[in-house]
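Accompanying notes for the structure given below.
The values are calculated or read from the model by the stated rules, or taken from the named source; none is laboratory data. What you are looking at is a predicted structure, and each value in this text was computed from that prediction instead of being measured. FYI the Cβ positions are ideal-geometry reconstructions off the backbone, even for glycines, and counts take in every protein chain you see. Keep in mind that these areas ignore ligands, DNA and RNA; they rest on the heavy atoms of the full protein, side chains included. Shrake-Rupley method; radii C 1.70, N 1.55, O 1.52, S 1.80 Å.
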Amino acid sequence: MVFYLSILLKGWSFLGGKLKATDIVEFYRIEEFMEDEDSIMIRRIGTSDYLNLDRVALNIIKKFDGLLNIEEISSYFKKDGYSQEDVLEFLELLISLNYIYKINGEFLAEDERIDVKSIDEKPVYKLMFGKIAWFIYISSAMISLIMILNFKELIPKGSDFFVSESGIVSILVIILSTWMAIFFHEYGHICAARAAGINAEIKWGYRLVFLVLETEVKDIWAVPRRKRYSIYLAGLAWTSIFILVSIMLQFWITNYILMKTLKFIVILQAQTLVFQSLLFLRTDIYYTMINFLKMDNLNELFFLYLKKILRRDLRFIKDHYNSLKDKEKKILVIYSLFSFIGIVITLYLFFIIDIPIAFYSLKQTINKTLTEPLFSFDYWDGIAMGTLTLCPLVILLFYTLIDIYKKYFSWKKKRVEAKWN
């Protein structure tokens, strides 16, 4: 019998021994969160350890009250198709996840629960994500789009990436503006989480090969599904405000550097919105989609099928696809379609905008390094501009070569094992 778990499982051992049918088990107190008809989310109170279980599995946990042993409780669930071995396996798994604290009256370990920190529920947080606030966010996005379509000078162009003719100045402004935009986006998620009554924190993470900030919301499962949309979309909502302000200021700012900075912020945020379509990177739109569709393994299925397509293993795809429910099949087809559209859009922007920018930057670098004296500011300014352009490409190439090497080493190892076996 399969128990559906929503967290990564680690290997377990029960103090060097196995559970016995005569053992009496006691659980830590748990809290329930309604999910859907087939499953329910639970949490060990005082922690952020969540499990997504079917209802029979939840009833098994509730039955262990310190009075009946495993054999007696297992007999209650034979009618549901759960054998005593299934229950034993389930309990051993829950031991590894620290959901069980007593066996036969003896403590497994000290109770290491940490009380969940109370959230400072200031009215301002709820005000930021109330109905009026969301009307403002949506209106901001629509106004920004209308203004860009009606004023040609506002349309983002590749040249907007160059804030100044000086490479050093461009680098400094780009780094400062980029991190300011990222922090503003992520802080939107923080405020939305606090408005929902849970905590969140900003941590370092990776997107492809780039270091980024991302918001971790451990207790997202404690929030009703319909209220999670606000948390998932909060970053984009604040981005819409950031874009509108950057557009409006262009009508009053006369300083060249400030004007170019505002244009850079707009094109940067525009690209950020486009990258949201890259669902396989688990973007805000991805989490919004799986929350709506109630199917958490879409990304895994998409990559599994993509890998099998590249290997021409169509029979596996057919068999695996046929094993899915009709609803899951339709959802997977729609998700795959959106994923491919996102990849096509991103590739289009890469060749239409990013590649021309890279060529222009390298051209400027070559001109300055060949025509300016070695110890002049312009010479090193050209070096800085070239570094800004080539550094991401070099990092991407480096990680690609490492990935190819690992795959080659794995393939070679399998061949050797196959030969000797």
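Laid out as a table, the results:
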{"item": "Global form of region 291-421, assessed from the alpha-carbon gyration tensor, a/c cut-off 1.5", "result": "oblate"}
{"item": "Long-range tail of P(r) for region 263-339 (Cα pairs > 17 Å, %)", "result": "51"}
{"item": "Region 320-378: chymotrypsin sites (Phe, Trp or Tyr not before Pro) in DSSP coil with no more than 13 other Cβ atoms inside 10 Å", "result": "Phe375"}
{"item": "Volume in Å³ per residue [convex hull over Cα atoms, computed for region 311-367]", "result": "92"}
{"item": "Estimated translational D of region 121-174 in µm²/s (Stokes, Kirkwood radius over Cα pairs; 37 °C; 0.692 mPa s)", "result": "229"}
{"item": "Estimated FRET transfer efficiency when R0 is 22 angstrom, pair Phe350-Arg312 (beta carbons, to 0.05)", "result": "0.20"}
{"item": "Within the accessible area of the chain (1.4 Å probe), percent carbon and sulfur", "result": "65"}
{"item": "Kirkwood Rh, angstrom, region 131-263 [1 / mean 1/r, Cα pairs]", "result": "16.6"}
{"item": "Mean Kyte hydropathy of 1.6 or more with a Cα span along the axis of at least 20 Å, helices from DSSP in the chain", "result": "131-150"}
{"item": "Restricting region 243-312 to chymotrypsin sites (Phe, Trp or Tyr not before Pro) in coil, as DSSP defines it, with at most 13 other Cβ within 10 Å", "result": "Phe251, Trp252"}
{"item": "Computed Kirkwood radius, in angstrom, where 1/r is averaged over Cα pairs of the chain", "result": "25.9"}
{"item": "Value of [θ]222 nm, deg cm²/dmol, for the chain, DSSP H segments ≥ 4, -39500 (n - 2.57) each, nearest 500", "result": "-19500 deg cm²/dmol"}
{"item": "Principal axis box of region 159-204, alpha-carbon based, largest edge first, Å", "result": "48, 18, 10"}
{"item": "Whichever lysines have a C-alpha closer than 21 Å to that of Lys126, once near sequence neighbours (fewer than 8 apart) are set aside", "result": "Lys117, Lys218, Lys227"}
{"item": "Extension gain (nm, one decimal) between Tyr379 and Ile175, 0.36 nm per residue minus Cα-Cα", "result": "71.3 nm"}
{"item": "Per residue accessible area of the chain, 1.4 Å probe, in Å²", "result": "61"}
{"item": "Segment Trp204-Val394, extension gain: residue separation times 0.36 nm, minus the distance between their alpha carbons", "result": "66.3 nm"}
